[in-house]
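Here is the structure we will look at, set down as structure tokens.
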Amino acid sequence: MSLKPLTDVERTQARKKATAARAARAEIKSSLKAGKVSVAEVIESSADDEAVGRLKVLDLLKALPGVGDVRAAAIMSAVGIAPTRRVRGLGIHQRKALIDHLNDSNPGSARK
């Protein structure tokens, strides 16, 4: 399957849209790191915001204070989420399990 070649205008529009999406995801991650927003709030906003919905769950967890590659992978494994899963792709039970796990392990990090 070959894609239709983009015109210069279409390519510029796509580039601007991609840049805006990356900026939105970076803002969410910095807000998580600063404690301004919770994981539960980010997950809820993913239904309305396409850029947030495309954020990988692994990156979301790594944005939390004190969570790196190893701890994020352990959380995802404990909850039963694949490493490549994006926020938008989480099922209702996975969302609840992730929020509950974060609340149990560190109260205040993922307010309900």
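A few remarks follow.
- Qualifying residue in the stretch 13-34 (condition: more than 15 Å from the chain's Cα centre (by Cα) and either polar (S, T, N, Q) or within 24 Å of A97 (Cβ to Cβ) (or both)): yes
- Among the residues listed as K16, K36, K56, the single one being in contact (Cβ under 8 Å) with a residue 12 or more places away in the chain and of a type in the set (K, R): K56
- Selection count, the stretch 2-47, where residues are among the aliphatic types (A, V, I, L, M), under 20 Å from L90 (Cα atoms) and part of a loop (DSSP other than H, G, I, E, B): 2
- Residue list for the stretch 7-47, filter: hydrophobic (A, V, I, L, M, F, W, C) and surrounded by 12 or more Cβ atoms within 10 Å (Cβ to Cβ): A21, A24, A26, I28, L32, V37, V39, A40, V42, I43
- P83 satisfies every condition listed in (1) at pLDDT 90 or above; (2) surrounded by 12 or more Cβ atoms within 10 Å (Cβ to Cβ) except (2).
- Condition met for I92 (more than 27 Å from A20 (Cα to Cα), in contact (Cβ under 8 Å) with a residue 12 or more places away in the chain and more than 12 Å from the chain's Cα centre (by Cα)): no
The values are calculated or read from the model by the stated rules, or taken from the named source; none is laboratory data. Everything numeric here is computed off the predicted structure, so don't read it as measured data. In this analysis, Cβ positions are derived from the backbone assuming ideal geometry, glycine residues included, and neighbour counts consider all displayed protein chains.
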